[in-house]
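To start, the structure itself, in structure tokens.
Read-outs throughout are calculated quantities, based only on the coordinates presented, and are distinct from any laboratory measurement. Computed from a prediction, not measured in an experiment: that's the story for all the values here. Neighbour counts run over all protein chains shown; Cβ positions are idealised from the backbone, glycine included.
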Amino acid sequence: MARKVPLSKVRNIGIMAHIDAGKTTVSERILFFTGRSHKLGEVHDGAATMDWMVQEQERGITITSAATTCMWKDHMISLIDTPGHVDFTMEVERSLRVLDGAIALYCAVGGVQPQSETVWHQSERYEDPKIAFVNKMDRIGADFFGVVKGIQTKLGANAVPVVIPIGASDQFKGIVDLITMKALIFKEETQGAEWDVIDIPEDMKEAAAKWRNNLVEKCAEQDEALLEKYFENGDLTEKEIWSILRKATCSRHVVPVYCGSAFKNKGVQQLLDGVIKILPAPNEIPPIVCTQNPANQRKVDDNEVLSALAFKIMSDKHMGKLTYIRIYSGTLEAGTTVWNSTQQKKQRVGRILRMHANRQEAIEAAVSGDIVAVVGLQDTKTGDTLCMQDNEIHLEAMEFPAPVISISIKPASNADNEKLGEALHRLADEDPTFTVSFDQETSETIISGMGELHLEIIVDRLKREFGVIAEVGRPEVAYRETATTMAEGSYKHAKQSGGRGQYGHVVLKLEPRDPGQGFEFINAVVGGRIPQEYIPSCEKGVIQALACGPYAGYPVVDMKVTLLDGSYHDVDSSDFAFQIAARQGFKELFMKGNPQLLEPIMSIEVTTPDEFMGSVNGTIAQRRGRIESMDERGGMKIVRGMVPLSEMFGYSNTLRSLTQGRASFSMHFEHYEAVPFSIAEEVVEKRRKGGKVR
Ligand code: GDP
């Protein structure tokens, strides 16, 4: 299958930015200038091309990654949308995973804002090369060099301007291109979309020369031969600068900086030139490696065997499930069958779509480096690897943190019950950090996610996309209970009053097991003292009791129950009678075995600037947490520790306000631990009052 665009002319990029820096506007201008979007809609008109989800427009934040392909000067650019909100860092992570390079976007007034720091550090982890764009140069207070400095000091990056602005705020007229050493003056009559190329104005010659030298020197440092040539000749050619700038950017030694005003259409086309000239092509990244067999490596090449990563699932009104994939090696053809090595399942490839801003193009085959949406991969989930069954590979799976918060949910109207269930499962399919379960104890549907805002948006989507209005309960932690000491005793269930009698009698022994060992039932009855047919009834009775523990009504874990002895009645004994005897017997004994409440303990990692470390440590101590280590990464302090989940509600807000939003955290479930007695008693008391303990 011949490819349309050579691999060297493919760019897979994303835009990372703080909310409001202008990501939507820049994306939209990119799509406009690349000729695929025919209307210049403004964000306030709600017509922006990328922000097609209604609530995104209303909230003004971008939640979902969508990959949009456009063409710029023979190059095919796939623009992967990355959200800017702190609660959606998982969305950012997954897009960073499949990009080859990124545009880091800053507001010329706001500069390097907290969320830009978080995203920057995330992208450093994925080793993504970046170029920066200082947007909103037309705003009062725009300070290009201030932002350049912020990138250097706050992010520790070697920011190197490749253009400098001519004027600022309402006097922002153009840019000096430090590579051609020409001035580009944006034409007002074409609303900034075109420009005149003139000589650098007299009053800017000195500054231009200074920044040109800076650019050449910073780049030349990367190449000894060129450095020598530079010292000999005092300058480099345009071609040499481009080539060295590209090399220095791809190796992440420098971050080239552009500027403009997306809103006024200025500077975006120069940025696009930068993207194709500086950022890497897909085959310039290192070969991908199989996690299960490091010797199994694949180059980004159409002639290699297929390997692809599913990074996003979305449901489309007309086509159903769409799976966004990035092809690393080989070719994927429509109508064929591939192997999902993560699920160990064959998957049928239906249609393959290249997504443009305003249309979907069905293609026969996707080739290495492509980012496309596929119809028909029924069992494929986010993070799965697609390959060939006879030549398997496992790409590094994406790690999704376990949901940390749960709420009960029910439809406002009973008629919507079924619709709600279906909608929730669709949403869970799309979003690996969102899960749905059914609580047997309370007969409630429980949804779990990454934060309160996350669940709020789910509830909002239920309403808008599925027409289901839902009511939610309060956020809850999933506790467990167990007994800590051995207990032995007997229980007789005997009823003679009216009709047929009931008789079941068991002698049980309860023993605690080590954490994580689960439940074990042992039958030690001898001599037929309980007939064989009733033994499973006894086990069943105990298992019923486990689901809703006698202490606080939470599931019972890690117990060994031995059926020691008992007795029966020829006429009155039954399956049912033994179930009751065992269930009640277990409950009584459990309360004699010094029951204990267990709570999920989360391991937490907080990334914070040095100056806030004391306060961050304080927040962990105040939450019954313990600090395990403190490190440093990229100029930031990393605090790791263990904290009970029950203390973590509202933590992102606390952290945000305490550190002016500059610290970020992630946490995941580690294990269950005993809740301190006094706190446990409070929880139990509340559960009893709420009728949750039966
Ligand atoms: P996002 O949250 O990063 O997607 O930012 P938007 O693209 O939604 O932009 C946020 C606000 O800034 C909107 O009101 C835009 O119209 C405005 N904006 C975006 N780019 C510019 C610009 O270059 N200059 C000015 N003055 N405003 C801009």
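Consider just the alpha-carbon atoms of the chain and return their Rg together with their Dmax, both in angstrom.
31.0, 111
Express in % the proportion of alpha carbon pairs of segment 473-588 at distances exceeding 18 Å.
Taking all Cα-Cα pairs of segment 473-588, the fraction more than 18 Å apart is 49 percent.
How many nm is it between the label spots at E681 and A415, if each spot is 7 Å from the Cα in line with the beta carbon?
Here the answer is 5.1 nm between the modelled labels.
For the pair E520 and S497, how long in nm is the line joining their label points, each one 7 Å along Cα→Cβ?
Label-label distance for E520 and S497, simple model: 4.1 nm.
Under unit Cβ charges (Lys, Arg +1; Asp, Glu -1), what dipole magnitude, rounded to 20 debye, does segment 72-226 have relative to its Cα centre?
With Lys and Arg at +1 and Asp and Glu at -1, about 260 debye.
For the residue pair A397 and R688, what label-to-label distance in nm results when each label sits 7 Å from Cα along the Cα-to-beta-carbon direction?
Modelled inter-label distance: 4.2 nm.
Once you have the Cα-Cα distance between D235 and T190, take 0.36 nm times their residue separation minus that, and quote the gain in nm to one decimal.
12.7 nm
By DSSP, what percent of the beta bridges with both residues in the chain are antiparallel, rounded to the nearest 5?
80
With a cut-off of at most 16 other beta carbons within 10 Å, and DSSP calling the residue loop, which trypsin sites (Lys or Arg not before Pro) in segment 242-295 qualify? Please list them.
R252
If amide H atoms are built 1.01 Å from N in the plane of the peptide, which residues on other chains or at least 5 residues away come under 5 Å of the amide H of I522?
Amide H to amide H, under 5 Å and 5 or more residues apart or across chains, I522 pairs with V561, T562, L563.
Tell me which aspartates and glutamates have Cα within less than 12 Å of K136's Cα, excluding those fewer than 8 residues away on the same chain?
D20, D170
From Cα pairs below 8 angstrom and at least 6 apart in sequence, can you work out the relative contact order of the chain, rounded to a whole percent?
Reported relative contact order: 9 percent.
Placing +1 on the Cβ of each Lys and Arg and -1 on the Cβ of each Asp and Glu in the chain, which of F263, I620, C250 has its Cα farthest towards the positive end of the resulting dipole?
It is I620, whose Cα lies furthest towards the positive end.
Under unit Cβ charges (Lys, Arg +1; Asp, Glu -1), what dipole magnitude, rounded to 20 debye, does the chain have relative to its Cα centre?
Dipole about the Cα centre, nearest 20: 1000 debye.
Where Lys and Arg each count +1 and Asp and Glu each count -1, what net charge lies around I393 among other residues with Cβ under 13 Å from its Cβ?
In short, -3.
Give me, ordered by chain and number, the residues 5 or more places off T380 or on other chains with an amide H under 5 Å from its own placed amide H.
none
Report the rotationally averaged projected area of segment 362-430 based on its alpha-carbon convex hull, in square nanometres.
Answer in nm², one decimal: 7.9.
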